[in-house]
Every structure is written in structure tokens, then in C-alpha cells.
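No value in this document is a laboratory result; all are computed from the given coordinates. Given the structure is predicted, the values throughout are model-derived calculations rather than measurements. Ideal geometry is used to build each Cβ from the backbone, glycine not excepted, and the neighbour counts take in all protein chains shown.
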Amino acid sequence: MKILSIENISLSFGGLNVLSDVSFDVNKGEIFAIIGPNGAGKTSILNIISGFYGPEKGKVFFNGKDLSHIHADKRAALGMGRTFQNIALYHGMSVLDNIKLGAHTHLKTGLMSGLWYWGKAHKEEMELRKKIEKDIIDFLEIESIRKQPVSSLAYGLQKRVELARALAMRPKVLLMDEPVAGMNAEETEDMARFILDIKEEYNITIVLIEHDMKMIMDISDRVLVLNFGRALTHGTPKEVQKHPEVIAAYLGQKKAETMEKG
Amino acid sequence: MHIGDFKETYSSDQAVFINATSRFWLGVLFAVLFLFPFVAGDYLLFMANLAGITIIGAVGLNILTGFTGLISLGHAAFIGVGGYTAAILSTRFDLPFLLCLPLSGLMAAFFGIIVGGPSLRLKGLYLCIATLAAQLILEFVFVHWESLTGGIRGMNISPPQIFGYVLDNDFKFYFVTLVMVILCVTFARNLFRTRVGRAFIAIRDRDISAELMGINLLQYKTYAFALSSFMAGISGCLWVNFLKTVTPEHFPLMESVRYLAMVIVGGMGSILGSILGAIFMTIVPELISTFLGFLVNIFPTAMSFLFPLQQVIFGLLIVIFLVFEPHGLAEIWRRIKNYFHLWPFEH
Ligand SMILES: Nc1ncnc2c1ncn2[C@@H]1O[C@H](COP(=O)(O)OP(=O)(O)OP(=O)(O)O)[C@@H](O)[C@H]1O
Ligand SMILES: [Mg+2]
């Protein structure tokens, strides 16, 4: 059953065609990877799904619902979680508050009850804290840093906190933009394990952009290959790996790199 | 798994005033604030009222600028709206002080939303210019809508009453100011323990990711404008009732700039910073002029030279502070506190 359908999406920035007629479906409960060389348009696709970019043509369907007229903040409430290629944490807040912010759409406290705090708002905060501790902080093993300001954390940990914040959104689909970029082997392995656990334990569908081929081949159910804004092919990791155009696109890039290096 | 009495632990973990030490010092602070007017002279009482009223305005501006990242050059005008509302309601409609107070806040909040609304799509410098325009327009209205505001000469009002009790001196007024400061500060602190306050900070730090996390930017920026100008309005109402007069001179552009300076010197995005900044900006110019007055006594001939020096020294002090502690007085205070850690309950 498909949870997300991207239909004939095109996008351009001032004459530059970033995406041309891209279509694909994401099935419920799978890990769907998007790969492709730098500048292929991977992040742009996530931005269209999140509602940050509006496509020139084409539509995004989420659980069968056309999202064309649904604003970005409402999409979060529908169940779209997101992590970013360039970490987008809130540096003025602690790890805990960053994670709590992810739960924004699930909370009710308004301006007045927030100012008053005692009673309803307090109760809601305590319940949220309890839930986050149990479902997210324990799960991602970040107990020891929860009080720290995020700016003091190492890069790998910041990525993990971003994942924690996305989980607090209680998403149905989690869009992850290069979750292991810049991580060492051990951190990458941890992250891959978390992603698999999220899929299996929380039944969250994951759309993943990555350059780390080993991880893609290990954990994803299906892969879409983008090149210059076009969908080259999609299929299981094995199928994609054998596809001649993919080999050409990737080997072409590799060859060019090796030739440059001489 | 360490699930036990979660509720208890997190509740105390997240309390505003966490441990016995802070509670002790808070008690001391309240006692001092309460006893202060009984020992303070007229001059100190006057200054304390002024500082308190300024604190409320500064907390308001910090919510908008420090916490939500929306720079405003119109804060003094919103304080003015509150002040004029209070004066008009009490002179023309004979409304009691306790009713004027929230109404002044609401009127200022209303203007804040009107000004903020269209400017919410603007950011940074553009927003700054839009609020500057609001400041100038409101100032113009204060001066020229004479039938309503009394023009340049302004309006005089009679001393406020609370249930028939006349607040006709600074001593009595002090307690009103104190209660209002405590309320504003407490409510502001409360807010930043909830989703609304977190949303403000998220908008300041990264508005795009805030939106993708489900925050309606327009709604929360409007909240920030409304709340900020509500507090400005309260501050304006107190100001007018304290001085028993209102004129356009009280709310010039320079006053808006002074409030911004207060928030920056005190600490952006810190409630405590707003308090310290307001006190600093109220008290220090007085200290400087006292000091210069003292010098003039010794060197009478230097008078013409020393007098203008007042502004220069004050400006220099601000610059020095910002160079050495860009995070403001609140950060300096935090360091002092860490130094004395848990005294007097250390183990
Ligand atoms: N807001 C924007 N304005 C102008 N051009 C943009 C914008 N966003 C993306 N682009 C352009 O679109 C193209 C695709 O960018 P995108 O970020 O989607 O690539 P990507 O596949 O994520 O690349 P990478 O692997 O480097 O992250 C690039 O040429 C980029 O410069
Ligand atoms: Mg990218």
C-alpha cells in the first residue's frame, strides 16, 4: 500500500531545471532511498514533499490526499517528519527543548494557558517529558546530553538529536536528508541501526537520501536514482546496482574524478 | 529501565526555581523588595518605581526581539498607546485604575497586531523599517490629534485609586509597580516552559525548520507582537499613573532605541536580562550625573565641560559592556552565581 505518491513533479529555479517530471511511490512501512550525484535534486524533492518548495507542475499525495494546497506547517501535523542535510537545530535551546519542540503539533497549550502555566499546561509538559524520556531519549541513548545546549554537541550527536526531534513529531513518514553525512564508521553504524529500529518498532515509513552506498544497500527496501533532475530508475538495491545507466552515471563520475586526480 | 515516580522527578526537575538554594534567595529577594520602601527615601522610591515600570516594558520588548528575533523600533510608541489609553479612559470615562490597566494593555496589543500583521512577512531590516514607520506615525498622532490627546501639552490625570484607596505618593505606588513586575516576569517565565515559548525561540533560531516542525509562523509572530505590546501597554499605563501626566515627549524614537539597548545590554532572550538591562539603563545615568555633580562641586570651572560628558560616559559604558560580554548582564550574573554555586546550602 502506498503512503506517499509523487506524480510528475517539475521544478526550476530561474531557468535551471532542477527536477523534470519525476514520479515515484513510497510504500507504507518501507525504507525508500533516493540516491544520485551532487546537485541531482534530491533535497529539492524532500523540500517539495515537506511543502517548503511549491512545484511548477505535478502533485504530491499523502495517504491518498492531495497536498497541493496544504501549507508546510499543516503537513507536519498530518504526520510528516523531517531531518535536514545541514543540521537545523535551535541553538538557543537545550537538547530536551529541541526534542520537545518536535511535539509542537501534538500539544494544545495556547498563549493564555502558557502564561498561566499552572494546571493544564504543566500537566501537558510533564506528560510530554515522560513520553519523550521513554520513547525517544532512552531509545536513541542520549540520556547523558539531554540538558546540554545543542551548540555544545559534536556533529554526530547533533544529527542524533535532530532525529530525536523528528521522532517527537510522531511522524507517519520520516524524510531524512543525509543522516550519516560526515559521521565516522561507528556513528554511521549506530544511525543505520536506529533507522532500522524506527522502521520496525515504530512502523514509520522512511524516505532517505544518502551518499553512503554501503548503508543504502544494507538497509533500504527500494532505491530511486536521480540524475540531473530526472528519475533514472528505481527498484530493489540489487536491481539498481546492476542497472547499466546507474553504473554509467556513477562510474562516469568516478572515472572523471580519477582522471582529474591523474 | 528506570521508570519510577517519573512525575515527581520531572516536576521538580523542570520547576522554575529548582532547589532549596534558589528558593531561599528568592525569599530573601521578596523580603528585601517588600521592606525597601519602608527604609528608602523619596529619591530612591522614585527611581525604584521608574525602574519597575521600565522592567515591564523591557520584558515585553525582549519577548519580541530577544526571544522571537523580531526587531522593533516602535516599542516606545506602543508604551505611548498604553499611556494615552489610560489617560483618556480615566479622564474622559472615569474608569477605575484597575480597569484601565488591562484595557491599556489590550489597546496596545491591538495596535501591536495592526502594525505587526502586515510586517510579519518582513524580516530583519525591513521589519525594522516598518516598525520605525509605526513609531513615527503614532508619535505624529500623539502630537496632532489634539482633541483626543491634548497635543503637545498632553493631559494631566488625578492620582489613581484602588477600591477608594488613593495612591497619591511614590511609596504607595511602589507596591502596585512591584506586583505588576512580579506578575509580568512570572508569566513571561512560565510561557517559556511551554510550547508557545519554544515556538518563539525556534522562529528566532531557524524559521524554516520551525515551519516544517508544524509551527504556524504568522500565528506565533502575531502572538509575540501582541504579548510584547500588551506589556508595553501595561508599562505605559503605570508610567502615566505614576507621573500623573502624559505628553508626546515621553515616547520618542530615542526611547524605542533606549529599550533596544536595554535588552541588548541586559541579555537578548533572557527574562533576567530584561530586568538587569532596565535597572542598568535607569540607574546608571543617575549615578553618572551624581558623580559628575560631585566633581563640579570640586572643580566649578569645569561645569561646561563635564555636563555633556554624561552621555559620553554612558555610551562608553554600554560599548565596554558589549565588547567584554556580548551576551549581556544576564551572562555576567550567571557566572557570578556559578562561582558562589550553592551558598548557603553547599554540602
Ligand atoms: N532555493 C534554491 N534556489 C536556487 N537554486 C536551487 C535552490 N535549491 C536548489 N537549487 C539548485 O537545484 C539543484 C539541485 O539541488 P539539491 O539541493 O536538490 O541537490 P542534491 O541532490 O540534494 O545535492 P547534494 O547531494 O549536494 O545535497 C542544484 O543545482 C541547486 O543549486
Ligand atoms: Mg542535498
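Normalised by residue number, the volume inside the convex hull of the Cα atoms of the protein assembly as shown is 222 Å³ per residue.
Give the distance, in whole Å, between the Cα centre of the stretch B:283-334 and the Cα centre of the stretch B:81-95. Going from one Cα centre to the other spans 36 Å. Between the stretch A:1-69 and the stretch B:108-130, the alpha-carbon centres lie 34 Å apart. Using a 7 Å offset from the Cα along the Cα-to-Cβ direction at both B:VAL257 and B:VAL323, what is the distance between the two label points in nm, to one decimal? With each label point 7 Å from Cα toward Cβ, the separation is 2.1 nm.
Per the Kirkwood formula applied to alpha carbons, chain B shows a radius of gyration over Rh ratio, Rg over Rh, of 0.99. Just B:THR282, B:THR149, B:THR21 to compare: in a GNM of chain B, with alpha carbon springs under 10 Å, which one fluctuates most? In this elastic network of chain B, the residue with the biggest mean-square fluctuation among B:THR282, B:THR149, B:THR21 is B:THR21. The GluC sites (Glu not before Pro) of the stretch A:107-176 that DSSP puts in a loop, and whose beta carbon has at most 15 other beta carbons within 10 Å, are A:GLU141. Post the alpha-carbon centroid distance, the stretch A:114-132 to the stretch A:227-250, in whole angstrom. Each part reduced to its Cα centre gives a spacing of 49 Å.
Which is the longest part of chain A that has none of the trypsin sites (Lys or Arg not before Pro) sitting in a DSSP loop with at most 12 other Cβ atoms within 10 Å? With a cap of 12 other Cβ atoms within 10 Å, the longest stretch comes to A:148-262.
Fewest neighbouring Cβ atoms within 10 Å first, the residues B:LEU89, B:LEU122 line up as B:LEU122, B:LEU89. Within 10 Å of the Cβ of each residue in B:212-225, the mean number of Cβ atoms contributed by other protein chains is 6. Neighbouring Cβ atoms from other chains, within 10 Å of the Cβ of residues in A:109-120, number 6 on average. Hey, got a sec? Which trypsin sites (Lys or Arg not before Pro) in the stretch B:129-197 land in a DSSP loop and have at most 10 other Cβ atoms within 10 Å? Listed in order of number, the matching sites amount to none.
Approximating the spin labels as points 7 Å out from Cα along Cα→Cβ, the B:LEU26-to-B:LEU125 distance works out to 4.4 nm.
Given a 10 angstrom Cα cut-off, can you work out which residue in B:ALA302, B:ALA199, B:ALA278 is the most mobile in a GNM of chain B? In this elastic network of chain B, the residue with the biggest mean-square fluctuation among B:ALA302, B:ALA199, B:ALA278 is B:ALA302. In whole angstrom, chain A maps to an equivalent ellipsoid with semi-axes of 34, 22, 16, each derived as √(5λ) from the alpha carbon gyration tensor and ordered largest first. Of all lysines in the structure, those lying under 24 Å Cα to Cα from A:LYS28, and not within fewer than 8 positions of it along the same chain, are A:LYS2, A:LYS42, A:LYS59, A:LYS65, A:LYS74, A:LYS172, A:LYS199, A:LYS214, A:LYS238. Relative contact order of chain A, taken over Cα pairs closer than 8 Å and 6 or more residues apart, is 27 percent.
Between A:GLU189 and B:LEU183, the FRET efficiency estimated from the beta carbon spacing at R0 = 56 angstrom works out to 0.60.
Ordering B:THR194, A:THR105, A:THR236, B:THR186 from the fewest to the most neighbouring beta carbons within 10 Å gives A:THR236, B:THR186, A:THR105, B:THR194. With θ taken as phi - 60° and the Karplus curve 6.51 cos²θ - 1.76 cosθ + 1.60 applied, the whole-hertz 3J(HN,Hα) list for the stretch A:222-229 is 9, 10, 10, 9, 10, 9, 6, x Hz, x standing for glycine and proline.
Fully extending the segment from A:ASN38 to A:LYS147 would add 35.6 nm, taking 0.36 nm per residue of separation and subtracting the current Cα-Cα distance. With a 10 Å cut-off around each Cβ of A:77-85, the average count of Cβ atoms from other chains is 2.
Considering only B:MET281, B:MET268, B:MET213, the Gaussian network model of chain B with Cα springs below 10 Å gives its largest mean-square fluctuation to B:MET213. Ranking of A:MET217, B:MET303 by neighbouring Cβ atoms within 10 Å, starting from the fewest: B:MET303, A:MET217.
Relative to the Cα centre, the charge distribution of the stretch B:40-342, modelled as +1 at Lys and Arg Cβ and -1 at Asp and Glu Cβ, gives a dipole magnitude of about 840 debye.
Taken over the alpha carbons of the stretch A:83-185 as equal point scatterers, the Debye sum produces base-10 log I(q)/I(0) values at 0.23, 0.24 Å⁻¹ of -1.28, -1.35.
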